[in-house]
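Worksheet: one structure, shown below.
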Amino acid sequence: MIETLLQGLLLGGLYCLFALGQSLMFGVMRLTNTAQGDFIILAAFTAIAGLSVLATLGVPRSMATPLWLALPLLPLAFGFGYALQRFVLNGTLGRDPLPSLVVTFGLAIVIQNLLLELFSADPRSIPTGGLNIQSLALPGGLAIGVLPLLIFGVALAATASLQWLFTRTALGRAFRAVSDDREIAELMGLDSNRIYALATAIAFVLIALAGVLQGMRTTVSPSDGPLLLLFAFEAVIIGGMGSFWGTLVGALLLGLTQQIGFRLDPGWGLWAGHIVFLIVLVLRPQGLFPKTRG
Amino acid sequence: MAELLRTTALTAHYGDAQALFGIDFEVGEGEVVAVIGANGAGKSTFMKALTGLVRSKPAQIHFKGEPIGALPPGEIVRRGIALVPEGRRLFASLSVEENLLMGGFARRAGPWHVQRLFELFPILEQKRREPATALSGGQQQMVAIGRALMSNPTLLLCDELSLGLAPIVIKEIYDALPRICSEGMTVVIVEQDVAMAQQVSRRLYCFQEGRVSLHGESAQLQRTQISQAYFGV
């Protein structure tokens with residue numbers, strides 16, 4: 001049972017990374033990115049393609065690792081997120097959430113078909129050099145995977161960093177101000193379109209991280225996005241919209257319940273997570289640790 | 001007294017609905033000018049037009065001799081106009097101090113900074129870490145005034161400072177006005193309390209249905225004149 005709980009927590013760490021970008025974008029802009037999961041898969045395939053290109057160019061295997069690839073990939077994701085928000089999504093923001101939902105839903109379809117066309121439907125993974133099969137021995141005959149532990153550490157660090165950014169920095173103040181009252185924030189001299197673009201840029205760095213780690217942990221295929229989106233949604237809603245620590249708790253709870261479900265019956269894992277999500281939605285629709293209004 | 005702000009035949013619209021119908025208005029440097037009028041007279045729309053929240057034509061508003069009518073709010077605050085908005089509209093997720101710091105985002109050189117504001121409103125220093133919206137109405141109004149002052153404006157626009165506040169709190173707020181003006185600040189006050197508006201201002205404009213129905217020296221205007229211009233009867 002302890003092993004199941006440990007596995008659940010580690011899985012929750014990955015779900016947290018899926019969900020943090022969503023939590024950030026919703027917290028700042030009230031924008032629900034329905035292409036979140038597909039962007040994660042796009043990031044994974046970008047990493048896979050990047051490693052293939054490096055191998056083709058004859059770059060030594062020691063250099064063609066996901067870690068090295070992350071150096072150009074994360075700034076690329078930042079720039080992509082910034083441009084996407086500035087030139088596409090800002091135009092959809094307003095009192096009506098429907099335009100942004102429709103646009104991101106459209107983007108999801110485009111990404112899925114683009115990946116299908118470029119990479120086929122075959123599942124692929126990012127080579128890890130054996131990292132995904134390494135484990136640490138724990139007392140009591142337990143073992144814990146090094147890669148899941150690394151992912152969990154990244155999730156904790158990302159959550160703490162976002163919380164610090166939001167509460168302790170001038171940029172975080174600006175994020176909260178435009179989220180509270182865009183008109184008055186502009187009256188203070190803030191360019192809300194730029195602030196929104198920066199929030200999405202940071203969200204896309206998290207998306208890229210999640211994509212690379214997902215590709216390292218398991219296989220990815222072009223049609224995986226909607227399921228990842230569902231996990232991200234569930235984690236954000238269980239934790240409370242716009243709360244980063246809440247998102248982490250929501251993700252851990254989701255991972256735990258799924259693992260317990262899997263232990264009871266291999267077919268029950270996902271269902272157990274959905275049921276916990278529905279229970280929270282019914283009993284506490286604002287989530288466990290809500291930070292946002294309305 | 002040198003002219004600081006002038007509007008010429010200023011119009012403003014919300015979609016198809018016109019809210020202002022040719023407002024001619026001017027403020028000299030260092031003046032305190034009051035704008036009065038009933039609900040729906042266009043006072044707040046006028047404030048929004050001056051700060052770029054409601055767009056107008058470039059030549060309809062001149063500030064320091066330059067047309068600013070079509071500029072965005074951020075550019076207008078950088079040029080030296082700050083607004084204390086109606087209803088205060090503090091940032092709910094920010095503390096008192098963070099609200100003040102946000103006001104200094106487009107900060108110009110000048111005398112106002114956080115510590116100076118704590119001297120103006122000492123209660124805010126005690127409450128600096130508290131959420132701004134957890135304060136009483138009067139204290140929130142102090143934060144809103146402080147937030148506007150943080151940009152070190154040349155022209156401070158105050159929209160309905162006394163709205164929803166107890167008389168003793170209103171007095172406390174208005175008592176701070178001479179200290180603000182002593183820094184050479186020009187102030188335009190939108191106020192529904194006519195007596196207060198007359199008391200604190202040198203000149204007064206009365207708006208009615210989006211038009212100026214009366215203007216003149218505050219001390220010279222008679223109550224009957226004001227009532228007629230205010231209510232249109």
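The values are calculated or read from the model by the stated rules, or taken from the named source; none is laboratory data. Being a predicted model, the structure only gives us computed values, none of them experimental. Please note: Cβ atoms are built from the backbone with ideal geometry, for glycine as well, and neighbour counts cover all protein chains shown. Accessible surface is based on the protein model in full, side chains and every heavy atom, while ligands, DNA and RNA are left aside. Shrake-Rupley method; radii C 1.70, N 1.55, O 1.52, S 1.80 Å.
Here are a few things to note about the model shown:
- Positive-pole candidate from A:A157, A:S223, A:G106, dipole of segment A:92-248, charges at beta carbon: A:A157
- Counting all C-alpha pairs of chain A, share separated by more than 27 Å (%): 40
- Surface burial for A against B, with a 1.4 Å probe and both sides summed, reaches about 1700 Å² of accessible area.
- In the elastic network of chain B, a GNM with C-alpha springs shorter than 10 Å, the most mobile of B:R78, B:R55, B:R223 is B:R223.
- Think of a 1.4 Å ball rolled over the protein heavy atoms: chain A then has 44 Å² of accessible area per residue.
- Entry note: segment A:98-163 has Rg to Rh equal to 1.18, where both radii use alpha-carbon atoms and Rh is the Kirkwood radius.
- Per residue, the convex hull volume that the Cα atoms of segment A:124-224 enclose (Å³): 145
- R0 of 22 Å, Cβ-Cβ distance B:A109-B:K64: FRET efficiency to nearest 0.05: 0.90
- Cross-link partners of B:K127 among lysines (Cα-Cα below 22 Å; sequence separation of 8 or more within a chain): A:K291, B:K171
- Added length on full extension, which subtracts the Cα-Cα distance from 0.36 nm per residue, A:D122 to A:A83: 11.0 nm
- In terms of overall dimensions, the C-alpha atoms belonging to segment A:1-154 reach 55, 44, 28 Å along their principal axes, ordered largest to smallest.
- Computed from the Cβ-Cβ distance with R0 of 30 Å, the FRET efficiency linking B:R129 to A:L281 stands at 0.30.
- Note on the protein assembly as shown: with neighbouring protein chains present and a 1.4 Å probe, carbon and sulfur make up 62 percent of its accessible heavy-atom surface.
- Highest-first packing order for the peptide set A:78-89, A:14-25, A:221-232 is A:14-25, A:221-232, A:78-89, based on the mean count of other beta carbon atoms within 10 Å.
- Once you divide the Cα radius of gyration of segment B:146-206 by 2.2 N^0.38 Å, the number left is 1.09.
- Segment A:3-84 - Kirkwood radius from inverse mean 1/r over Cα pairs (Å): 14.8
- Candidate residues A:V53, A:V282, A:V205: accessible-area rank, largest first, probe 1.4 Å: A:V282, A:V53, A:V205
- In nm, spacing of pseudo-spin labels at A:R95 and A:A55 (7 Å Cα→C-beta vector): 5.5
- What chain B shows is 41 Å² of accessible area per residue, with the surface traced by a 1.4 Å probe over protein heavy atoms.
- Net length gained if the chain between A:L114 and A:L149 were fully extended (0.36 nm per residue, minus Cα distance): 9.4 nm
- Estimated translational diffusion coefficient (Stokes-Einstein, Kirkwood radius over Cα pairs, 20 °C, 1.002 mPa s) of the protein assembly as shown: 82 µm² per second.
- FRET efficiency, B:F231 to B:A9 (Cβ-Cβ, R0 22 Å, nearest 0.05): 0.35
- Placing +1 on the Cβ of every Lys and Arg and -1 on the Cβ of every Asp and Glu, with nothing else charged, gives the protein assembly as shown a dipole about its Cα centre of roughly 500 debye.
- Global size of segment A:6-48 as Cα Rg and Dmax, reported in angstrom: 12.1, 34
- The average projected area of chain B, computed from the convex hull of its Cα atoms over all directions, is 12.1 nm².
- Computed with a 1.4 Å probe on the full set of protein chains, the accessible area for B:K48 sits at about 60 Å².
- Estimated dipole of segment B:7-149 in Debye, rounded to 20 [Cβ of Lys and Arg +1, of Asp and Glu -1, Cα centre]: 320
- Paired Rg and Dmax values of segment B:36-133, which use every Cα atom, in angstrom: 15.7, 45
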